[in-house]
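The values are calculated or read from the model by the stated rules, or taken from the named source; none is laboratory data. The structure presented is a predicted model; accordingly, all values stated were derived computationally and were not measured. Neighbour counts are summed over all protein chains in view; Cβ atoms, including those assigned to glycine, are modelled from backbone coordinates with ideal geometry. SASA here: full protein model, heavy atoms, side chains in, ligands and nucleic acids out. Shrake-Rupley method; radii C 1.70, N 1.55, O 1.52, S 1.80 Å.
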Amino acid sequence: MDGTATGATGPVLILLGPPGAGKGTQARKLQEAFGLVQLSTGDMLRAAVAEGTEAGQAAKAVMDAGDLVSDEIVTAILAERLDAPDCAQGAILDGFPRTTPQAAALDRLLAERGRALAAAISLEVDDAAMVDRIAGRFTCAGCGEGYHDSAKRPAVADTCDRCGGTEFTRRADDRAETVAARLEAYHRETAPLAAHYDTQGKLERIDAMGEIDRIAAELAAIVQRAQA
Ligand SMILES: [Zn+2]
């Protein structure tokens, strides 16, 4: 214990990764194994507004006026969350920071609390494999069973294994061009952040293309180092 009011000493981690890299799954595993709380920007914002916290009220006023919530307000909401007792064991930030000014604001916020960022963990994906993985998905229109062009085809062509249906749907968001564009945007957005944390010696890159359990074990090792 460091003698502060909250006694909060648990590690704060940032999880970086494109949609489909398994961030949500891995965050849940870290939550179960270490009691780390996953803080995603959208959830925090909604909760702060619903609870009417000071920063939540500020956010609501801005949104009611049709404006975007500023970095300053998001940072204030994050500060409120980090000070809450459930974050004493540590927290995983998902979706914040997104820009280097936000990263600098987070650095200040943690320094004010005598907490340090344990690591910014980048879940690294192979873009081409990722496009295949996502663009190959399709779903039975009848029962919702999920399939994949290469990983899981119906036993009988064009016929659902579960319900015998012959209508299948593909999400427009899963189209190869859309997925590739999303990945490109992610890399463009994340490169400056990765550089920010690399300079601080805080960047950890994990190959996120393999087994979920192997990835989870690598993440757990990082958290354990941070706790030591
Ligand atoms: Zn079906």
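The table below lists the values:
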{"quantity": "Net charge of neighbours whose Cβ lies under 12 Å from the Cβ of K60, counting Lys and Arg as +1 and Asp and Glu as -1", "calculated": "-3"}
{"quantity": "Using alpha carbons only: equivalent-ellipsoid semi-axes of segment 158-228, gyration tensor based, whole Å", "calculated": "37, 21, 7"}
{"quantity": "Accessible surface of C143 - all protein chains present, 1.4 Å probe, nearest 10 Å²", "calculated": "40"}
{"quantity": "For D161, residues with placed amide H under 5 Å, excluding near neighbours", "calculated": "A155"}
{"quantity": "For S122, residues with placed amide H under 5 Å, excluding near neighbours", "calculated": "L16, E204, R205, I206"}
{"quantity": "Gaussian network model of the chain, springs between alpha carbon atoms under 10 Å - residue of R113, R162, R170 with greatest fluctuation", "calculated": "R162"}
{"quantity": "Cut-off under 5 Å, modelled amide H: who pairs with L93 long-range", "calculated": "L13, I14, L15, L39"}
{"quantity": "Square roots of 5 times each gyration tensor eigenvalue, C-alpha, segment 18-73, largest first, Å", "calculated": "28, 14, 8"}
{"quantity": "J(HN,Hα) series, segment 134-149, from Karplus relation 6.51 cos²θ - 1.76 cosθ + 1.60, nearest Hz, glycine and proline x", "calculated": "7, 6, x, 6, 8, 9, 5, 5, x, 10, x, 4, x, 9, 8, 3"}
{"quantity": "Extended-chain gain in nm, criterion 0.36 nm per residue less alpha-carbon gap, E184 and R137", "calculated": "14.9 nm"}
{"quantity": "Extension gain from D213 to E167, taking 0.36 nm per residue of separation minus the Cα-Cα distance", "calculated": "13.1 nm"}
{"quantity": "Check: the chain dipole with +1 on Lys, Arg Cβ and -1 on Asp, Glu Cβ, in debye", "calculated": "260"}
{"quantity": "Cα centre as origin, Lys/Arg/Asp/Glu Cβ charges: segment 3-73 dipole, Debye", "calculated": "420"}
{"quantity": "Distance histogram in 5 Å bins (all Cα pairs of the chain, percent per bin)", "calculated": "1, 6, 12, 15, 16, 15, 12, 9, 7, 4, 2, 1, 0, 0"}
{"quantity": "Around L36: net Lys/Arg minus Asp/Glu count, Cβ-Cβ under 12 Å", "calculated": "-1"}
{"quantity": "Mean ellipticity per residue at 222 nm, deg cm²/dmol - from DSSP H runs of n ≥ 4 across the chain, formula -39500 (n - 2.57)", "calculated": "-15500 deg cm²/dmol"}
{"quantity": "Nearest-20 debye value, segment 97-228 charge dipole, Cβ charges on Lys, Arg, Asp, Glu", "calculated": "460"}
{"quantity": "Euclidean distance between Cα centres, segment 120-161 to segment 54-110, Å", "calculated": "35"}
{"quantity": "Which of Y147, Y186 is most accessible, then next, and so on - probe 1.4 Å", "calculated": "Y186, Y147"}
{"quantity": "Which listed pairs, of K29/K60; K152/K202; K29/K152, have C-alpha distances above 28 Å, in listed order", "calculated": "K29/K60; K152/K202"}
{"quantity": "Accessible-area value, K23, 1.4 Å probe, nucleic acids and ligands omitted, Å²", "calculated": "50"}
{"quantity": "In Å², nearest 10: area of M130 left accessible to a 1.4 Å probe", "calculated": "0"}
